[in-house]
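**Student:** Before we start, here is the structure in question, set down as structure tokens.
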Amino acid sequence: MKRQILIVDDEKDIRDVLAMALADMGHDVLTAGEGEQALRLFREASPPIVVTDIKMPGMDGIDLLQKLKQENPETEVIMITGHGDLDLAIRSLKCEATDFITKPINIDVLEIALRRVEERIVTRRQLREYTEHLEQLIREKSELQSRLSSLGLMIGSISHGIKGLLTGLDGGIYLVDSGLSKKDPRTLAEGWGAVKLTISRIRKMMLDILYYAKERELKTERVDVARFAGQLATLFGKRIQELHIEFVSEVDPLAGEFEADPTYLQAALANIFDNAVDACLKDDSKMDHRIVFNAHRAADDITFEIIDNGVGMDSETQKKIFTLFFSSKGAEGTGLGLFVTQKIVEQHGGRIKVRSVIGHGSVFRVLIPQRATAEAHHNRNAEHRLPVLL
Ligand SMILES: Nc1ncnc2c1ncn2[C@@H]1O[C@H](COP(=O)(O)OP(=O)(O)OP(=O)(O)O)[C@@H](O)[C@H]1O
Ligand SMILES: [Mg+2]
């Protein structure tokens with residue numbers, strides 16, 4: 001293998017002979033007549049191999065060796081010693097010289113020394129690659145471990161959620177049955193309402209799980225804000241009112257268009273609506289509950305606001321709401337909702353702001369940039385790749 005080699009010797013003849021021999025072997029040769037010059041050249045070119053005379057006026061070979069090793073411990077240094085300089089040779093080996101050859105220099109001996117140096121360089125490189133590979137394996141293993149434990153958490157949380165949903169379904173079915181047998185349309189309607197609500201929850205949970213389970217690329221298109229928000233208002237407004245919660249919606253008809261994946265953005269906002277409904281249903285402190293939905297343009301963002309006057313959150317809860325599997329709803333929540341919402345919003349290059357006062361209610365504001373450049377989308381998608389879990 002062709003390497004760059006620095007030759008250091010105060011005798012010009014020796015330098016020249018060595019330079020010629022090494023160049024003949026195919027190496028790229030640098031030469032220096034004394035230690036200081038050698039160090040300068042070494043700093044400039046960082047040759048992997050240095051062949052230096054031990055006895056030189058000024059900085060001697062051993063001083064040079066020590067300095068070279070300080071600058072780069074991996075430098076391979078071959079010492080040239082005179083006859084009878086055995087102690088110097090041994091001292092240089094103690095200072096980590098790779099090898100020594102004696103004067104008069106036999107080129108075959110030098111070649112053998114260089115071959116050994118080459119082997120050391122190759123072995124060191126292999127060792128480094130091996131170590132890096134090992135580190136990579138260890139990183140992958142710990143990623144796998146965290147995925148597995150997150151999978152375990154997810155299964156636990158989902159099973160818990162399904163159990164809760166089944167209880168809800170049982171309750172609804174019981175009411176439907178008894179409404180039917182007693183021919184009582186009110187009980188029947190109540191039971192049917194509970195069944196429908198539970199089924200919509202199951203659907204939402206499935207969507208969240210599917211989103212979480214697989215990496216999703218957004219399919220963005222130009223979307224008319226008023227149309228998109230209007231559809232959402234109709235969809236959720238109906239459901240909210242059925243639960244005897246007042247629904248108010250203000251959609252700016254002139255908000256224009258923005259770039260979004262309407263299916264995913266709708267799923268993201270649906271999670272916030274569902275939480276708002278839960279917060280109202282859980283709140284016994286007020287008689288009347290209300291959910292307000294606003295959509296408008298503010299500077300370069302399209303803003304969607306969902307405001308409820310439900311139970312609200314204390315500051316501890318607020319810190320955790322976007323955490324995967326965080327839920328305060330026991331069997332009725334999986335804690336996937338806002339985690340998924342946040343991911344979807346981030347994929348759109350947007351952000352979510354939350355304000356909440358316990359006992360009073362909460363405001364969730366989702367800001368989506370009106371214009372997302374294709375490149376920004378690409379980068380964000382890469383950043384927010386979700387773990388493939390199922
Ligand atoms: N509008 C809100 N009012 C009060 N608390 C809220 C509101 N939105 C979210 N939270 C709190 O944040 C937690 C996490 O919400 P998230 O939607 O992620 O999970 P979840 O609703 O519990 O379960 P699911 O996965 O079924 O949505 C909730 O359990 C609740 O404590
Ligand atoms: Mg939720």
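Taken together, the values in this text are just the output of simple stated rules run on the coordinates, not laboratory data. Worth saying up front: this structure is predicted, and the values here are computed from it rather than measured. Note: ideal-geometry Cβ built from the backbone for every residue, glycine included; neighbour counts use all protein chains shown.
**Student:** When a/c is below 1.5 the answer is rounded, else prolate if a/b is larger than b/c, else oblate, so apply that to region 4-105 with a ≥ b ≥ c taken from the square roots of the Cα gyration tensor eigenvalues.
**Tutor:** Numbers: a/c = 1.43, a/b = 1.09, b/c = 1.31.
Note, shape of region 4-105 comes out rounded.
**Student:** Quick check: pseudo-label points 7 Å beyond the Cα along Cα→Cβ at Arg239 and Ser178, how many nm apart are they?
**Tutor:** 2.7 nm
**Student:** Order of 150-157, 271-278 by packing, highest average Cβ count within 10 Å first?
**Tutor:** Working: 150-157: 14.4, 271-278: 22.1.
The packing order, highest mean first, is 271-278, 150-157.
**Student:** What whole number of Å gives the distance from the Cα centroid of region 101-176 to the Cα centroid of region 1-38?
**Tutor:** Their Cα centres are 44 Å away from one another.
**Student:** Averaged over all directions, how much area does the convex hull of the C-alpha atoms of region 144-383 cover when projected, in nm²? Walk me through the numbers before you get to the answer.
**Tutor:** On the way: hull surface 56.0 nm².
With the hull built on Cα positions only, its mean projection is 14.0 nm².
**Student:** Follow-up question, since we're still on this one. Could you list, bin by bin from short to long, the percent of Cα-Cα pairs of region 81-205 in 5 Å steps?
**Tutor:** The calculated distribution, bin by bin, is 2, 9, 8, 9, 7, 6, 5, 4, 5, 4, 4, 4, 4, 4, 4, 4, 4, 4, 4, 3, 2, 2, 1, 0.
**Student:** Among Val122, Leu197, Ile7, which residue has its Cα furthest toward the positive end of the charge dipole of the chain, with +1 on Lys/Arg Cβ and -1 on Asp/Glu Cβ?
**Tutor:** Farthest towards the positive end: Leu197.
**Student:** Taking the dipole about the Cα centre of the chain, with the C-beta of Lys and Arg at +1 and of Asp and Glu at -1, give me whichever of Leu269, Gly82, Val50 is farthest to the positive side.
**Tutor:** Value computed over the given set: Leu269.
**Student:** Longest segment of the chain with no trypsin sites (Lys or Arg not before Pro) in a DSSP loop having at most 13 other Cβ atoms within 10 Å? Walk me through the numbers on the way to the answer.
**Tutor:** Numbers: sites that count: Lys2, Lys182, Lys183, Lys214, Lys219, Arg371, Arg385.
Here the longest segment lacking exposed loop sites spans 3-181.
**Student:** Putting +1 on Lys and Arg Cβ atoms and -1 on Asp and Glu Cβ atoms, find which of His133, Gly152, Leu254 reaches farthest to the positive end of the dipole of the chain.
**Tutor:** Leu254
**Student:** How large is Rg/Rh for region 258-337, to two decimals, with Cα atoms and a Kirkwood Rh?
**Tutor:** Expressed as Rg/Rh, it is 1.00.
**Student:** Run the dipole for region 257-301 about the Cα centre, Lys and Arg Cβ at +1, Asp and Glu Cβ at -1, nothing else charged, and hand back the magnitude in debye, nearest 20. Mind showing how you got there, number by number?
**Tutor:** Numbers: 4 positive and 10 negative charges, 51 e Å.
Dipole size: approximately 240 debye.
**Student:** Right, here's the next one. Can you tell me the FRET efficiency between Glu250 and Leu281 if r is taken as the Cβ-Cβ distance and R0 is 25 Å, rounded to the nearest 0.05?
**Tutor:** Working: r = 23 Å, r/R0 = 0.93.
Calculated transfer efficiency: 0.60.
**Student:** Which of the GluC sites (Glu not before Pro) found in region 198-275 are in a DSSP loop and have at most 15 neighbouring Cβ atoms, other than their own, within 10 Å?
**Tutor:** Details: sites: Glu215, Glu217, Glu221, Glu242, Glu246, Glu250, Glu257, Glu259; in loops: Glu215, Glu217.
Those that pass, being in a loop and sparsely packed, are Glu215, Glu217.
**Student:** Between Asp108 and Glu74, what FRET efficiency follows from the Cβ-Cβ distance if R0 is 22 Å, with the result rounded to 0.05?
**Tutor:** Numbers: r = 26 Å, r/R0 = 1.19.
Efficiency, rounded to the nearest 0.05: 0.25.
**Student:** For Lys67, which aspartates and glutamates qualify as cross-link partners when the Cα separation must be under 14 Å and same-chain residues fewer than eight apart are set aside?
**Tutor:** Correct list for Lys67: Glu34, Glu36, Glu76, Glu96.
**Student:** Taking the Cα centre of region 4-105 as origin, work out the dipole magnitude from +1 charges on Lys and Arg Cβ and -1 charges on Asp and Glu Cβ, in debye rounded to 20. Could the numbers behind the result be given before it?
**Tutor:** Numbers: 10 positive and 20 negative charges, 35 e Å.
The calculation lands at about 160 debye.
**Student:** While we're here: Give me the dipole magnitude in Debye, nearest 20, for the chain about the Cα centre, with unit charges on the beta carbon: positive for Lys and Arg, negative for Asp and Glu.
**Tutor:** Numbers: 51 positive and 60 negative charges, 420 e Å.
Charge dipole of the chain: 2020 debye, to the nearest 20.
**Student:** Using a 7 Å offset from Cα along Cα-Cβ at Asp24, what residues in region 105-141 end up with backbone N under 17 Å from the label point?
**Tutor:** What the label zone holds, given the 17 Å backbone N cut-off, is 105-115.
**Student:** Whole-Hz ³J(HN,Hα) for each residue in region 6-17, computed from phi via Karplus 6.51 cos²θ - 1.76 cosθ + 1.60 with θ = phi - 60°, x for glycine and proline: what do you get?
**Tutor:** In residue order, the calculated couplings are 9, 9, 10, 7, 6, 8, 4, 4, 4, 3, 5, 4 Hz.
**Student:** Can you give me the three principal axis dimensions of region 93-134 from its C-alpha atoms, in Å, biggest first?
**Tutor:** Extents along the principal axes: 46, 23, 5 Å.
**Student:** Right, another one. Taking a 25 Å limit on the Cα-Cα distance, which of the listed pairs Lys320/Lys343; Lys238/Lys343; Lys204/Lys343; Lys196/Lys320; Lys214/Lys320 fall beyond it? Each step should come with its number before you reach the end.
**Tutor:** Values: Lys320/Lys343 15 Å; Lys238/Lys343 27 Å; Lys204/Lys343 16 Å; Lys196/Lys320 30 Å; Lys214/Lys320 23 Å.
Correct reply: Lys238/Lys343; Lys196/Lys320.
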